[in-house]
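The values are calculated or read from the model by the stated rules, or taken from the named source; none is laboratory data. Keep in mind it's a predicted model, so treat the numbers as computed, not measured. Neighbour counts are summed over all protein chains in view; Cβ atoms, including those assigned to glycine, are modelled from backbone coordinates with ideal geometry.
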Amino acid sequence: MNWYYSKDGAQHGPVTQPDLQAKIRSGEVAHDALVWREGMTDWTAAHQLAEFAQGPLAAGSAPYTTPVSQLGGAAGASPPTYLWQAIVVTLFCCMPLGIPAIVFASKVDGLHARGDVQGSLDASRKAKMWCLWSFGIGIGFIALYFLLVVVGATASASGY
Amino acid sequence: MRANRALWASLLVLGLAIAAFHLRQNGLEASFLPPCLFHKTTGLHCVGCGMTRATHAALNGRFTEAFFHNPLGVVLLPVALFAISLEIFAWVRGRSGGPRLRMGRRGFWSLVSLILVFWVLRNIPFWPFTILAPGS
């Protein structure tokens, strides 16, 4: 999870969550500095967020605890399914590779609804991977074909 | 709003527009798209077969002809492009919670089965299934 933060009126980041927590604990970043990560609607003061609630003083007195995963449960947003991308690559690249992409895409929401966040993320990643492979091979094939057509045209034009 | 993401999205739209214009003006003979490998090797029609012809027909306003080149693709493609535009828009704005086209688990599985059934049916070599196969 990448965070962005504001300091002296400028935007910094991305940094990981533990890094930003360390910066806030050490006082390098003010604990009321505005922070933002993807998925948040707006910049928010760090101390208003659960992740950064403990200020520099509190951190000194209480032992540091690893924050619980914020992805948590069915309440969080489900990861991207890539279903539509999978359909487009299947339609245009003429590749059976699009089918596994669609199958993985269709698993994402179901797994998420059952609370299997990891499985859902996994399916999302696999759907993305198959989409990219299918897309890459399709584009590569088109480029190769294009090259052959151009070379073929040049060769026949010069009499070979 | 992220400037570099907006740039990528604009380049993508521009590329698509150029490709669409080229296909519309020059037709299939000048098309740089290779023939379908699946069709070449097996002689069967794949799910996407006929989509180049259908897109060409649709870009020239011949929607009925487009529909019969690939009935499923012609319906699904605009929906998919719309859904992807929504996602790209959210991506450019750096927000994941934007409006999205989502279908329930049932919808998903119906769609997957529909695609597979369509794939099989359009390869049955007699009427009425031949309607589903791309025209010449």
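Results, tabulated for the structure shown:
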item: Verdict on A:Gly27 being surrounded by fewer than 18 Cβ atoms within 10 Å (Cβ to Cβ), touching a Pro at 6+ places or on another chain (Cβ under 6 Å) and more than 23 Å from A:Pro79 (Cα to Cα); result: yes
item: Selection count where residues are part of a loop (DSSP other than H, G, I, E, B) and either surrounded by 14 or more Cβ atoms within 10 Å (Cβ to Cβ) or in contact with a Lys or Arg (Cβ under 7 Å, 6 or more places away or on another chain) (or both), scope region A:92-151; result: 5
item: Pairs where the first residue, in region B:50-70, is in a helix (DSSP H, G or I) and the second is among the β-branched types (Val, Ile, Thr), C-beta under 6 Å, 6+ apart; result: B:Ala54/B:Val74; B:Ala66/B:Val74; B:Phe67/B:Val74
item: Flag for B:Phe126 being modelled with pLDDT of 80 or more, out of contact with any Pro (no Cβ under 7 Å at 6 or more places or on another chain) and part of a helix (DSSP H, G or I); result: no
item: One residue from A:Gly159, A:Gly119 being at pLDDT below 80 and of a type in the set (Gly, Ala, Ser); result: A:Gly159
item: Region B:23-54 - residue that is of a type outside the set (Gly, Ala, Ser) and more than 20 Å from B:Gly73 (Cβ to Cβ) and, of those, farthest from the other protein chains (Cβ to nearest Cβ); result: B:Gln25
item: Meets criteria (within 11 Å of chain B (Cβ to nearest Cβ) and small (Gly, Ala, Ser)) for A:Ser120; result: no
item: Count of residues meeting criterion [part of a helix (DSSP H, G or I) and modelled with pLDDT under 80] in region B:92-108; result: 4
